[in-house]
Number of protein chains: 2
Amino acid sequence: MSKIDKIHGLYYNFNVISRKYINELSNFIGQNISVCGFVNTVRNQGGIKFILLRDNTGFIQCVVLKSNTEAFELAGNLFNESVVRITGLLKEEKQAPGGFEILAEEIEVLSLSDAELPIPVNQDKIIDDVEVSKRMDYRWLDLRDPEKLKIFRVWTSLEEGFRKVYRDLNFIQIYTPSLVGTATEGGSEVFEVKYFDRKAYLAQSPQFYKQMAMASGFDRVFISNPMFRAEPSYTTRHLTEFTMWDFEVSFIDSHHDVMDIEEKLLISGITQINNDLNLGLEVPTAPFPRIPFEEAKKILKSRAINSDKENDFSPEEEREIAKYVKETFNSDFVFITDYYFSGRPFYTKKHEENPKLSKSFDLLYKGIEITSGAQREHRADVLEKQISEKGLNPEDFKDYIEFFKYGCPPHGGVGIGPGRIVMQILNLNSVKESSFLPRDVKRLNP
Amino acid sequence: MSKIDKIHGLYYNFNVISRKYINELSNFIGQNISVCGFVNTVRNQGGIKFILLRDNTGFIQCVVLKSNTEAFELAGNLFNESVVRITGLLKEEKQAPGGFEILAEEIEVLSLSDAELPIPVNQDKIIDDVEVSKRMDYRWLDLRDPEKLKIFRVWTSLEEGFRKVYRDLNFIQIYTPSLVGTATEGGSEVFEVKYFDRKAYLAQSPQFYKQMAMASGFDRVFISNPMFRAEPSYTTRHLTEFTMWDFEVSFIDSHHDVMDIEEKLLISGITQINNDLNLGLEVPTAPFPRIPFEEAKKILKSRAINSDKENDFSPEEEREIAKYVKETFNSDFVFITDYYFSGRPFYTKKHEENPKLSKSFDLLYKGIEITSGAQREHRADVLEKQISEKGLNPEDFKDYIEFFKYGCPPHGGVGIGPGRIVMQILNLNSVKESSFLPRDVKRLNP
């Protein structure tokens, strides 16, 4: 290093890495320190000004005395939400939030905010009154609310917990393409892309590719990628672009193997959130209740809930099942298993003993579907038959069927919607709130 | 659990989770076991057949005796690459590869391969003779080569190593959108999407969004997302879709803070690969050499290498710098710093003392650029000036400039190409080889 310094005269430090966050300050009481953050509020009290400084870990009160002329004048001209570095003595002060405060010696303005903010910042109740679409227009200000930052900490920890299990179970991560050559899986709900002199489409799921990885002998793969759905939906759980977490596993006996793994993921994810963020979430225990679809319909009927959905549940039915499962098993999670083959995609494996049923499942969490999974049909000849049975043309799936002709292990997997899991963990109103920058029919910005 | 079983009669096991991989078998010598995998070869030796079985961890020899009539006949009819489960006694055998073999009792055919394979599988030298485009057409067979599986294990471990550092340094992961409303950053190199009754574009980078996260006070974020470039490139290092790893950090003093963090990521990533895969890669030490751009051009001149690229390097120059750095510092990595502002994007921060230069850098690894990074200009008024200076219209960037009007910390970050890192670690010919399913001007399948 000294050699490099001598030749090029470059400085080298770890300033940013050793920066002090507000939630670490209790270790530095009695010392002269610097903290960086946003000016949450400035309060005037005659000969003293109080700056409440906010960083991504908390709040600290900074006291500016009149005797410090320069800083005092500066503090008077600071608009809320300006970004500053404040240096001074950190001392205990029982009156202050958190029990200590900084006696400001120097204030450095790193970025001055405009006087007028387009939406209120970090004042929960007022923000909730602002129309959602206006909040989303100013999403970067909306997200300054520490409660909203927490959404993304939860998401980060959840993913970390998932990855621990993937790692323990020898999974490989793959990145599957978003640009696909044909729109076979979906038809009209696919976005079309101008691709040089032809057309491409945006992937709705990594389904075919993760199955291809099984045919390649990758054995266990996981994926975290954006997926795209061109459905003109206006619900609280649909977006046109969303993050999907997939995994696929070889050499399973049935879809129950897949559920076993998903349980491990969720338990690890929620445990990780508790460890990192101290949220005190209830950690589920395995196995989660598993109720066959036909059984679930009977239970609903016995509770006087009916719907015209033969192959699926209405939102009302989903809520009622959640209630039943909570009462009966004290569980927020329930696998609904063995849906009718007629209600699932052609590549789902049928039950040998009852081919009306498929080896499929959904996972409901507090009454909302967060996962769809199944064992897949891995035999090329049976696949072709199932394609025809669905009224589709096997010719359209020729390339896909090829994957299964040169040896392919039995396999299955799931697609998981982390945006929905985070929404349910934090009891948010919509997946728009759990998405950093949601995209829907109307919204492509910021 | 027993409750659930009683009600719904569901079975529950961890069969797939406790499955034995070939590289774990030494723990089970003398036991009756099952292994699953692909039939690599079947060798006939009179009264004995040898099946060499392959899973994603290695190879095991399975012996089938003539006395086991059923299995013996079955083994005779097995085409290579079929998928089987073989059960039998695992015993030591010095002649066998690995030092033990399975005396097959039962062979279960899970998936029979066609007799003819469209490309040779798992026979390195022959595969390398097959035209790349044909290999890519049959990518799922191409990837059955254990050396190719290793590419994705390296990638997975590299990411794991990066994430450890992100975690230690309190980073938050965000998922930024691929669908964007305007094509401001890039112009003609952007893919256009039919988006209901209007147009959308595919993101070329998460640049604006990660800066937005800084304006939101997220402080430190990382991103792992696909990015899209509609350039008609035919090089070994360009794809139309590729995975990009980005991070962005607030409250930096200069671009050197960003380099400090990137060094930690790479050291951790390469260490993780060594730990997981025992590849014995040389782990770099921090700091990596940092050579200002002007200095690098002088060095090249002194070595009689010239190019007409005033603001950048030609591939020949990059290779020569790599040579120089290897000779002088024994390093495979080198940061080239302080490029001319004229050669960098408008949002790059200029040097206060010499505004011709920018606080930017590229990272070269064995002579190939794997990263572009910089401190960003975080002051709205200066940004506007820099946009005009580049001959662009500030009006087109109105929404972006808004991010900086209500307080924004000084910040910087990088975009990293993991496909290129993996290519260089394993000395592959092209990023196509390090991508699971590469996409280029001509290729949208499989």
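Quick notes on this structure:
- Taking trypsin sites (Lys or Arg not before Pro) across region A:216-320, the ones in a DSSP loop with at most 14 further Cβ atoms lying within 10 angstrom of their Cβ are A:ARG303, A:LYS309.
- Distance distribution P(r), the protein assembly as shown, all Cα-Cα pairs, bin width 20 angstrom from 0: 13, 43, 33, 9, 1, 0 percent.
- Closest approach of a chain A Cβ to the axis relating A and B (residue, whole Å): A:VAL193, 3.
- Annotation: the antiparallel percentage among DSSP beta bridges lying fully within region B:9-111 is about 90.
- Net charge dipole size for the protein assembly as shown [Lys, Arg +1 and Asp, Glu -1 on Cβ; Debye, nearest 20]: 340
- A:LEU103, A:LEU265, B:LEU300 arranged by Cβ crowding within 10 Å, fewest neighbours leading: A:LEU103, B:LEU300, A:LEU265
- A label point on B:ASN23, set 7 Å along the Cα-to-Cβ line, lies at 3.6 nm from each of its counterparts in the other copies, closest listed first.
- Cα centroid separation, region A:160-175 to region A:253-275 (Å): 12
- Of the GluC sites (Glu not before Pro) in region A:288-349, those whose Cβ has at most 16 other Cβ within 10 Å and which sit in DSSP loop: A:GLU310
- Between A:GLU105 and A:THR87, A:GLY88, A:LEU89, the built amide H atoms are under 5 Å apart, and every one of these is 5 or more places off in sequence or on another chain.
- Label sites at B:GLU389 and A:LYS385, each approximated as a point 7 angstrom past Cα along Cα to Cβ, lie 7.1 nm apart.
- DSSP finds beta bridges in the protein assembly as shown, and of those with both partners inside it, around 90 percent are antiparallel.
- Sorted shortest first, the distances from the A:ILE48 label point to those of the same residue in the other copies are 9.0 nm; each point sits 7 Å from Cα along Cα-to-Cβ.
- Our summary gives region B:146-434 a relative contact order of 20 percent, counting only alpha carbon pairs under 8 angstrom and 6 or more residues apart.
- Looking at region A:334-381, the GluC sites (Glu not before Pro) that sit in a DSSP loop and have at most 10 other Cβ atoms within 10 Å of their own Cβ are A:GLU352, A:GLU353.
- For the peptide B:394-407, the mean number of other protein chain Cβ atoms found within 10 angstrom of a residue's Cβ is 5.
- Zero-based 20 Å bins, Cα pair distances in chain A, whole percents: 20, 44, 27, 9, 0
- Cα shape, region A:141-225, gyration tensor, a/c 1.5 rule: oblate
- Ellipticity at 222 nm from helices only: DSSP H runs of n ≥ 4 in chain A, each -39500 (n - 2.57), divided by the residue count, give -9000 deg cm²/dmol.
- Computed P(r) (all Cα pairs; region B:290-446; 10 Å bins; percent): 10, 31, 30, 22, 7, 0
- Per-residue Karplus couplings for region B:338-355, computed as 6.51 cos²θ - 1.76 cosθ + 1.60 with θ equal to phi - 60°, are listed in order as 6, 5, 4, 4, 4, x, 10, x, 4, 7, 6, 7, 8, 6, 4, 7, 8, x Hz, Gly and Pro entered as x.
- Among A:LEU428, B:LEU383, the ranking by other beta carbons within 10 Å of each residue's beta carbon, starting with the fewest, stands as A:LEU428, B:LEU383.
- Full extension of the chain segment joining A:ASN44 with A:TYR21 gains 5.8 nm, where the gain is 0.36 nm per residue of separation less the Cα-Cα distance.
- Partners for A:LYS49 among lysines (Cα-Cα distance below 21 Å; same-chain residues under 8 apart left out): A:LYS66, A:LYS91, A:LYS94
- Residue exposure sequence - B:ARG144, A:ARG153, B:ARG43 - by fewest surrounding Cβ within 10 Å: B:ARG43, A:ARG153, B:ARG144
- Evaluating 6.51 cos²θ - 1.76 cosθ + 1.60 at θ = phi - 60° for every residue in region A:83-99, the Karplus couplings come out as 10, 9, 10, 10, 10, x, 7, 8, 9, 5, 7, 4, 5, 6, x, x, x Hz, glycine and proline recorded as x.
- The other copies place their B:VAL130 label points at 5.7 nm from this one, listed shortest first, where each point is 7 Å from Cα along Cα→Cβ.
- Fully extending the segment from A:ASN429 to A:VAL283 would add 50.4 nm, taking 0.36 nm per residue of separation and subtracting the current Cα-Cα distance.
Quick note: the coordinates plus some simple rules give every number you see, no bench work behind them. As the structure is a prediction and not an experimental result, all values here were calculated from the model. Methodologically, a virtual Cβ is constructed for each residue, glycine included, from the backbone with ideal geometry; neighbour enumeration extends over all protein chains shown.
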